[in-house]
Every structure is written in C-alpha cells, then in structure tokens.
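The values are calculated or read from the model by the stated rules, or taken from the named source; none is laboratory data. Keep in mind that this is a model prediction, so the values were computed, not measured. Positions of Cβ are generated from backbone atoms using ideal geometry, with glycine treated the same way; all protein chains shown enter the neighbour counts. What goes into the accessible areas is simple: the full protein's heavy atoms, side chains included, and nothing from ligands, DNA or RNA. Shrake-Rupley method; radii C 1.70, N 1.55, O 1.52, S 1.80 Å.
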Amino acid sequence: MKKIVVMSDSHGYHAMIDLVRELEPDGDCYVHCGDSEAETYDMQDWLCVKGNNDWYSDFPEHIRFKVEDLNFYVCHGHRFGYFDRESKMIYTLQEANCDVLLSGHTHVPTYEKIDGYTFINPGSTTLPRGGSSRSYCVIHVDGKKLDVEFKDLNAYQE
C-alpha cells in the first residue's frame with residue numbers, strides 16, 4: 001500500500017507546504033495541484049503543476065505518474081471551465097490513459113467517481129470556498145483500490 005499526500009491552492013503561504021509535509025512525514029509521494037506561488041527549489045520534493053496564479057514558475061502544466069495499479073493525471077483544473085466540466089475531465093483522463101485526476105482551482109474538497117474515473121480535489125490549504133475548511137487529502141492506494149481522507153487544517157495556525 002502506498003500513501004499519496006495531495007494539496008493545492010496554498011497561494012504563497014509557504015508555511016502550509018511545510019506544515020502538510022510535517023503532518024504527513026510518511027508519504028510515499030507528495031503532490032501539489034498548483035497555485036503554490038512557490039519557487040521550483042521550494043517544491044523539489046513535490047510533484048507540482050502550474051496553476052493559473054503561478055505566473056513565474058517553470059512547473060509543468062500537467063504530470064502523469066503511476067502508483068500501484070492506478071495511473072494518475074495531475075493538473076490545476078482551471079482549463080476545464082465550469083460548463084460541462086466533468087465531460088472535459090473524463091476526456092482528459094481518456095486521452096492520457098489515466099484512472100485518477102488530481103486537480104485544484106475550485107478550492108472545494110471533492111471526491112467523485114464517474115463512469116469508472118476518479119476525480120479528487122484536496123481543497124485549499126489557505127483560502128477555502130463553498131463552506132469548506134482549509135484542507136488537504138491523503139490517498140492510500142492498494143492495487144486498483146484507493147481510500148481518500150480529507151484533513152482539516154483549521155486547527156493549525158499559518
């Protein structure tokens with residue numbers, strides 16, 4: 001079993017990146033879904049993609065990786081828009097031959113399964129929306145099975 005730690009939308013609050021790493025020291029993989037507003041050297045231990053506010057970063061637009069028997073696709077999510085969003089996300093996974101989409105942008109924690117595809121958004125560690133708490137998530141992968149747990153950061157100061 002592997003443990004993936006996922007965060008997004010820290011928006012320049014670099015202490016949150018350190019805090020998540022400190023809270024989850026046993027992760028096998030650390031993923032940031034964009035809008036870190038961090039320098040590349042700050043994210044060297046993370047798989048990190050470029051968000052719509054990462055103007056000066058050289059992070060890639062998307063990343064693909066495999067854990068156990070699942071193929072993951074990571075992007076910020078701002079290019080999906082709001083109309084027909086789920087169809088665009090499914091199409092992206094089909095084109096990339098991936099099973100799970102990790103994205104941010106909406107600042108709302110989400111875990112959905114649609115037509116055999118899985119969509120996970122860890123929410124935002126600093127600027128939550130939709131009545132959610134500041135959050136990140138932990139994914140445990142065992143073969144093709146995954147378990148997602150959202151972690152509330154409201155108890156921690158920035």
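The residue that is nearest to Arg64 (Cα to Cα), counting only those in the range 79-105 that are polar (S, T, N, Q) and modelled with pLDDT of 95 or more, is Asn97. Taken over the range 12-61, the criterion of being outside any helix (DSSP H, G or I) and basic (Lys, Arg) is satisfied by Lys50 alone.
Counted as qualifying within the range 90-158 are the strands (runs of 3 or more DSSP E) with 1 or more residues that are exposed (fewer than 15 other Cβ atoms within 10 Å of the Cβ), namely 110-114, 135-142, 145-152.
The residue that is surrounded by the most Cβ atoms within 10 Å (Cβ to Cβ), counting only those in the range 31-43 that are hydrophobic (A, V, I, L, M, F, W, C) and out of contact with any Leu (no Cβ under 6 Å at 6 or more places or on another chain), is Ala38. Taking each residue of the range 99-113 that is free of Cβ contacts under 8 Å to residues at least 60 places away in the same chain and among the hydrophobic types (A, V, I, L, M, F, W, C) and looking for partners that are crowded, with 21+ Cβ neighbours inside 10 Å and in a loop (DSSP other than H, G, I, E, B) with beta-carbon atoms closer than 9 Å, six or more apart or interchain, yields Leu101/Gly77; Val108/Gly123; Val108/Ser124. When the range 44-82 is filtered for residues that are open to solvent by 60 Å² or more (accessible area, probe 1.4 Å) and at positive phi, only Glu68 remains. None of Phe72, Phe83, Phe65, Phe59 is of a type in the set (A, V, I, L, M, F, W, C) and without any contact (Cβ under 8 Å) to a residue 12 or more places away in the chain except Phe83.
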